[in-house]
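Structure first, then comments.
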Amino acid sequence: MIHDRFTRTPAPLTPLARQTDEVGSGSENATVTPGKNWLPTYEWAGRMVLPKPEERRDGGVYFEVSQAPEGQAELKGKKLWLNFEKMDWVDRVTTDVDFSERTEKGIKNGWQHPDRIDGWKNVSPLESLAGARKNDDMIVGLKEVRLSDDGQLFIEREPVQISGTNKALVTFEKKIDSHTWEVRHWNAETSDFSGPKEVIKTNGRDDLAPMKDGKLNRKGWYLYGDPGNSGKMEVTALEPRALFQAGTTDQVIRGQDESTRFLAKENWRLEEQQKGTYTKTLLKADKPETARPTEPIYEHMHKAFQLGDKGILLHLFGGAVGAPATLGLYLGHFAFGLAEVVKDPFTGEAKFDVEYKQIYAHNRGGIISGSQSWQTYMGDTERGLMYDRPVSDSFVEVPELFDDSKGQDPSRIFEDRMAEMTARYRSGTGDGASFVTSAQNCSQDSSQGLYATVSDWKQAMADGTIGTELSQFAEDV
């Protein structure tokens, strides 16, 4: 189990990926080409574009390609039609959208509702995602894509929201102004930051401080962005490399009692001086209690996680920094996610790859319910929560959740149920509004999605299409 914590302060706006221009070749604003030190964020990545009412068909949307696999580079900059394969859950959440009085009231109060799909019939999950904001600024990565003979893209998994179709690993060397920085790239040959220098622009907030923590900056930052009008790469999200290294931790806590106590009491005891810092903790609940339950284990961490390890993620954030508690309580948030230990394409080391399943009500900040990468949800320079929220992510390794040897992958059943719930939140189940209430909220409906998943698992176990090894986990949750 990995625990991390972040805090800082609020944000403004703007990346290239969030353009409002009409759909075109996608290259008219690209005055700089990413160098060899920039890699694609996803094999397939680009911008979703909501079709005009007269262009709608079959629940699909346009996809303006920024990244395509090797051998299909000619598709970059082109506008293709994107749709789901035939999926039962997609049919279940395809709905008419007609704004209610409470939705109109929400708009007046500054909430961002999908007003471009108001009045539409049979709105699909892809349409509610592409039309979630006022402009066509939904940048996504696609998994397991099928390119048809007539040039259409088909997917089975919900698009993952991202904040830039290119990524790099750098250390910051100089701040030129509030949005301009000199960075130095990672050198794979020497395994250090002796690569070429580059001047980059950061979008959104003007209070970024990646050089403030020298230890973090020495380890490096993953940058996510796209070519910009400035003639420089415009960065729209940051990720601290140190947080994602699977071979390091700050402390280990041994024993069930000590692990439970840590989660219940220590995890959220955020002192003022901890703002802008992170902590990684390995919980070894299956080990016997020891006289020293908390101790550094840098040298042993690599044994805890290996390439290919997968697990479920439990995400929590607390109240906004400085916000007063109401009745002794802070508003917070809960979400599930999935995580995997993958090979870092820059360093070759093992790192965590995190994807949230965010069941998220409509809000002022434009955070959209759906599958979100860590870079988007946490590190985005406009909306990212690492800058102003205390956050805890717990990685729980569950190998049987990913065992597809019987024919079905239990994690895919989980993903489909979560995608179904996130789509309901985007459309407001028909009235364009999802507000937080005691009966409808992130915790309630994330749990509801998991409950539906467990029912599906039990049926699949009875049918023999997933292994019975999952039964204990299903009972526990």
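The values are calculated or read from the model by the stated rules, or taken from the named source; none is laboratory data. Bear in mind that the values here come from a model prediction, so they are computed numbers and not experimental data. Here the Cβ positions follow ideal geometry from the backbone for every residue, glycine too, while neighbour counts run over all protein chains shown.
Looking across segment 58-76, the residues that are outside any helix (DSSP H, G or I) and either closer than 16 Å to Ala423 by Cα or more than 24 Å from the chain's Cα centre (by Cα) (or both) come down to Asp58, Gly59, Gly60, Val61, Glu70, Gly71, Gln72. On the given criteria, is Ala460 closer than 26 Å to Ala423 by Cβ and modelled with pLDDT under 90? No; evaluated as a whole, the condition is false for this residue. Tallying residues that are in contact (Cβ under 8 Å) with a residue 24 or more places away in the chain, out of contact with any Lys or Arg (no Cβ under 6 Å at 6 or more places or on another chain) and within 24 Å of Leu470 (Cβ to Cβ) within segment 421-452 yields 7. If you take the residues of segment 229-243 that are over 20 Å from the mean Cα position of the chain (by Cα) and surrounded by fewer than 22 Cβ atoms within 10 Å (Cβ to Cβ), which of them is nearest to Lys167 (Cα to Cα)? The extreme case among them is Lys232. Within the set Leu208, Leu238, Leu216, the sole residue that is among the aliphatic types (A, V, I, L, M), closer than 30 Å to Asp416 by Cα and not assigned by TED's automatic domain parsing to the domain that holds Glu415 turns out to be Leu238. The set of residues from segment 35-57 being small (Gly, Ala, Ser) and either assigned to a strand (DSSP E or B) or touching a Lys or Arg at 6+ places or on another chain (Cβ under 8 Å) (or both) comprises Ala45, Gly46. Going through (1) assigned to a loop (DSSP other than H, G, I, E, B); (2) under 19 Å from Ser178 (Cβ atoms) one by one, Val199 falls short only on (1). Here Glu156, Glu182, Glu173 are screened, and the one residue that is surrounded by fewer than 20 Cβ atoms within 10 Å (Cβ to Cβ), acidic (Asp, Glu) and within 24 Å of the chain's Cα centre (by Cα) is Glu156. Of all the residues in segment 103-148, those that are among the β-branched types (Val, Ile, Thr) and more than 30 Å from Pro40 (Cα to Cα) number 4. If I filter segment 125-160 down to residues being among the aliphatic types (A, V, I, L, M) and part of a loop (DSSP other than H, G, I, E, B), which single residue comes out as nearest to Tyr356 (Cα to Cα)? By that ranking, first place goes to Ala132.
Each row is one residue, and each column tells you yes or no for (1) touching a strand residue (DSSP E or B) at 6+ places or on another chain (Cβ under 9 Å); (2) at positive phi.
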{"position": "Gly110", "(1), (2)": "no, yes"}
{"position": "Gly141", "(1), (2)": "yes, no"}
{"position": "Glu144", "(1), (2)": "yes, yes"}
{"position": "Leu147", "(1), (2)": "yes, no"}
{"position": "Arg157", "(1), (2)": "yes, no"}
{"position": "Gln161", "(1), (2)": "yes, no"}
{"position": "Lys167", "(1), (2)": "yes, no"}
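The single condition from (1) within 28 Å of Gly141 (Cα to Cα); (2) more than 22 Å from the chain's Cα centre (by Cα); (3) surrounded by 20 or more Cβ atoms within 10 Å (Cβ to Cβ) that Tyr222 fails is (2).
Inside segment 188-204, residues that are farther than 23 Å from Arg133 by Cβ and either under 27 Å from the mean Cα position of the chain (by Cα) or crowded, with 23+ Cβ neighbours inside 10 Å (or both) make up a count of 5. Put simply, of Ile413, Ile367 the only residue that is more than 29 Å from Lys284 (Cα to Cα) and either aliphatic (A, V, I, L, M) or in the same structural domain as Thr236 (by TED's automatic domain parsing) (or both) is Ile367.
Scanning segment 350-384 for residues that are within 17 Å of Asn441 (Cβ to Cβ) and of a type in the set (A, V, I, L, M) yields Ile359, Ala361, Ile367, Ile368. Of all the criteria given as (1) surrounded by fewer than 20 Cβ atoms within 10 Å (Cβ to Cβ); (2) in contact with a Ser or Thr (Cβ under 6 Å, 6 or more places away or on another chain); (3) modelled with pLDDT of 85 or more, the one not satisfied by Asp257 is (2). Among the residues of segment 211-249, which ones are in a strand (DSSP E or B), out of contact with any Ser or Thr (no Cβ under 8 Å at 6 or more places or on another chain) and of a type in the set (Ser, Thr, Tyr)? Scanning segment 211-249 gives a single hit, Tyr222. Conditions first: (1) part of a strand (DSSP E or B); (2) modelled with pLDDT of 95 or more; (3) of a type in the set (S, T, N, Q). Ser411 passes all but one, so which condition is the exception? The single condition Ser411 does not satisfy is (1).
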